[in-house]
Every structure is written in C-alpha cells, then in structure tokens.
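Here is the structure we will look at, set down as structure tokens.
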Amino acid sequence: MRRRITLAAAALVTTSALLLTACTGSPSGETTTSAGPADSSATLRVGLVLEPSNLDIRHTSGAALEQVLIGNVYEGLVSRSQDNEVENALATDHTVSDDGLTYTFTLAQGVAFHSGDPLTVDDVVSSFTQVKDDETIIGHADFANVAGIAADGADKVVVTLTTPDQNFLFNLTGPAGLVVKAGDTTDLKTAENGTGPFTLTRWNQGDSLELARNDAYWGEPAGVASVVLQYIPDFTAGVNAALDGSLDVLTAVDPTLAPQLDGAQGFSLTTGKTTDKATLAFNNKKAPLDDKRVREALRLAINHDDLVTAVGAGQTLYGPIPELDPGYEDLSGTISYDPERAKELLAEAGAENLELTLTIPSFYGTTVPQVLVSDFEAVGVDLTVDAVEFSTWLQDVYTNRDYDLSFVLHVEPRDFGNFANPDYYFGYDNPDVQKLYQEALATVDPDESADLLAQAAKIVSEDSAADWLYNGATITAVQSTVSGFPVDSINSRIDLAGVTVSK
C-alpha cells in the first residue's frame, strides 16, 4: 500500500526555522495592512525554497506541490483553513449521516475547468473512484474504508464508508480529494487542468512557477493578475532578492537572517503556527532503546527550552499532537529536564557509558545535533552524528529501520496514526494506543474523538516512544504593499487568491 512521505520534503521548506538565533515578528493571523488601494493588475512575487520535481500532484508526494497547487490551481469538494478547519470548496454543502457512514456533497453551480469544460458529478465520481482503485495515486490509503461512490442527480455525490472515519473529510482536503476532468489527457507533470482561481502559465524549471488569474473562475476572483513563485534554495540569496526589490514576499526566512529584513525596505515579519513536529525518533525495536528507562533518560537529558532558544523559532512540544490538531493537550507534565534522574535510569537499565548514533538528513544543519550531543554528554551518553543525504535517510532509516536515533520534521497534520502503526519506522507497538486510535477514528463525535486521541497521545509520551523537541514555526517577510498573505500553515498551503498588492 502506497503511503505519502512528506515529512522531510516539506521540511526543506521549513529548514529556516531550524537554525540559530531568535527573532521577533507579528503574531499569527493574516497580513492585512497595505499602503493604498489594491491594484487588480498587479503581479505578486513570492520567494519559496523547495521546487517540485514535477507538477503531477496526483502521483507525486510532497509539500512543495500541495503548498502552491491546492486551492490555487486545483480544488476539492472541501478545503481547509489556516487553522486546519474543514471548509466547503467545490461543494456548497456537505452532510454526514448519523452513523458516520454516508457523506453527501452538493456541487457548486457554474464551475468550469481551465479547459472550459463544465464540472459535473461524473468528474467527481471518476476522480474519487480512481483514488480508491489506483494504488499509484496519492491518497489511495485514505480511501481504504470507502465502499461506494455515486452520483445522486445532477448536483450531488454520495460517498459511503464501510466503517466511520473521523479523518475522512479532512483527508479530502488533500490530494486524495482533488477533482480532475474525467478522461482528461493533460500531461499533469508539466501542465494542469484544474478549477482554481489561478491557471498555470509557465514553469521555468530550476527557477520559477508562474500563475495567472482565472478570469472565468466560478467564485471570487483572485486579487492579483499574476503570481511569480520564485524558487531560491539558498537562504542568503533569498534575503538578498527581497532586499534588492525582486520579491514582495519571502517565505521560510532563516531566523539568523531575519533581522536583516525586519523593517528594511518596507518588509515586516510574521511568525506562523505549523503542524511541524521536530521529532527525535527512537528505534523502539532495537536494544537498548527497547527499554523504556533508556528512552525516558534520553528525554530527561534534553533541555527543551534552551533548544527552542537555539533554534530561534517554534515552541516546546512534549507529545505527538501539535496545537493545530485535534487531541492536542499540554503534556509538559509528562517529562522534565532532569539530568540526575536520567543518569539514575541509565544505571538501572545497565546502560551506562552508552554509545548511540543520530542519523539526520544533512539539510537540517548542525544546531539540533550540537545541542543533543552536549545534553547527552552531560549524562554519560556518547552521541555520534551521521549527517546523510535524504535519499540515504529514506533507505536506511525509513525503509530498513537501521538506526538508533533519528531527527526529522514530521510536517503532516493529523499524523498521530504513525504511533498506532507498529510497522512504521518508529517501531512503537502498544495495543492500548492502537485501540484508542481506532476508537478515535470510528466515533462520529469529534469531541469524543479528540478526547480519545488525547488519551492515546499521553500514553505515547509517558512511554517515551519518541521525543518531540519542538513544534516548528515559520517566519515570513511581507512587503507593506501586500495584504492578505497567509501566516499559519503556509509550509503546506498558501492561499494566494485573497492576496492583494497596492498601487
């Protein structure tokens, strides 16, 4: 079964939030101030870090695609807000039966694809059926519980499930829920045929992606005539491009470089919330990390507050569910910074003078490894850092489970299920957690589901199944002429339609 791996691809977008010094910025929300009336003929120039390898969002995983294509070029029946709430999109209404098995969507009228073809219920049925039947399509696993997909008249689509799934609607806000034209022959690797407020006009590979306002859009028209998404993988080069007037917005600003932009050349900084979980993974199936006392000792050895200060952006996170996800609970009470207790536990476990290796993708830099090496040394643990290419990390850690400790950002929202999957690379196997997670998915009451997730998350933290070093934040530099640029969750989605540039 195919599963999305966006944990480190999207992490490249947010590497800037992983480095050294702290900076200040406006709180989460949305940039709303501009210098004058909006210019509907303007071009918005946005600096990004990670360029997609191709544009086929149905067959290619990664936040680089979702970040710019979903909601802008392609749409689904539902979408999600910056705070991860589900909202209607191509559906004007949706209902869920009391037993949680039947989802009925009412389609918006007057919707057309960029080719000019009208959207019909057949397009939705075809799109969803392909996801259900084709293992190569991203989101196939999200349709595992789908029993039927059918049209109900000319404006309704009915999806039935075999069992309730609390995450099903949310999953439809991702690639699995995108609607494409039935029978379309567009080469999606280099072109598109969506329904969104922007069309793709040019992809200059290695440089930029250009979008144009869809003047035939069925909804509210985009606020700018065009958008140039400039890919600048070097953080210093990105800051220079902003300062020389080449950009209106720079995303993923390196905290060490942020002071250069704060208040300079009309730029201000925003700091946004994310679901990025900076996860120190323990190989729970490998000695001595199969001993809870050893895992707990490693967590007790880490000064999380100092680590967040060193990183420069984000907040402490002591459990597997971040603030933006259902089931979040402050779990700081489950662990503390206590090197002496860490030494006692290591002694009890017979793990004194322990030698471990941390495998980390090299693009994450040295700040986190340096902090961990120092903190672990203080309790008698010798940590060797093995910085590798991402392809090597995928092979050795993710696929072969050949590691002691590992560090990556897990960026996907609502991915707690990884700790309920004993076959995931964490190797964590707790039947109580698995049972609570399945109950959380099966209940039709979202509050009950969140409570069950919170219970499961607390067990995972108390078991020290991993350590969550911090919940990442993203820093964005926005010109004073720009209004409406999103602040939160932009590592995975950037809604460009509501952005304006003043004259």
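A few notes on this one:
- Residues in segment 444-494 that are in contact with a Phe, Trp or Tyr (Cβ under 9 Å, 6 or more places away or on another chain) and not hydrophobic (A, V, I, L, M, F, W, C): 7 in all.
- Looking across segment 159-170, the residues that are touching a Phe, Trp or Tyr at 6+ places or on another chain (Cβ under 8 Å) and either not assigned by TED's automatic domain parsing to the domain that holds residue 100 or not β-branched (Val, Ile, Thr) (or both) come down to 161, 168, 169.
- Residue within segment 369-379 that is among the hydroxyl-bearing types (Ser, Thr, Tyr) and within 22 Å of residue 411 (Cα to Cα) present: no
- The set of residues in segment 151-185 that are of a type in the set (Ser, Thr, Tyr) and in contact (Cβ under 8 Å) with a residue 12 or more places away in the chain comprises 160, 162, 163, 173.
- Residue within segment 183-193 that is in the same structural domain as residue 68 (by TED's automatic domain parsing) and within 22 Å of residue 104 (Cα to Cα) present: no
- Failed criterion for residue 363 (all others in (1) modelled with pLDDT of 95 or more; (2) farther than 26 Å from residue 423 by Cα hold): (1)
- Taken over segment 155-172, the residue count meeting the criterion of being within 23 Å of the chain's Cα centre (by Cα) and crowded, with 22+ Cβ neighbours inside 10 Å is 2.
- Against the test of being more than 28 Å from residue 166 (Cβ to Cβ) and either at pLDDT below 95 or outside the structural domain of residue 142 (by TED's automatic domain parsing) (or both), the options 68, 46 yield a single qualifying residue, 46.
- Matching residues, segment 220-256, being modelled with pLDDT of 95 or more, out of contact with any Gly (no Cβ under 9 Å at 6 or more places or on another chain) and either of a type in the set (Phe, Trp, Tyr) or farther than 25 Å from residue 271 by Cα (or both): 221, 225, 226
- The combined condition, being among the hydrophobic types (A, V, I, L, M, F, W, C) and either within 22 Å of the chain's Cα centre (by Cα) or part of a loop (DSSP other than H, G, I, E, B) (or both), is fulfilled by residue 138.
- Selection status of residue 97, modelled with pLDDT of 95 or more, over 14 Å from residue 158 (Cα atoms) and polar (S, T, N, Q): no
- Scan of segment 264-281 for residues that are crowded, with 24+ Cβ neighbours inside 10 Å, within 18 Å of residue 312 (Cβ to Cβ) and aliphatic (A, V, I, L, M), ordered by number: 278
The values are calculated or read from the model by the stated rules, or taken from the named source; none is laboratory data. All of these numbers come straight from a predicted model, not from anything done at the bench. Using ideal geometry, Cβ is built from the backbone for each residue, glycine included, and neighbour counts are taken over all protein chains shown.
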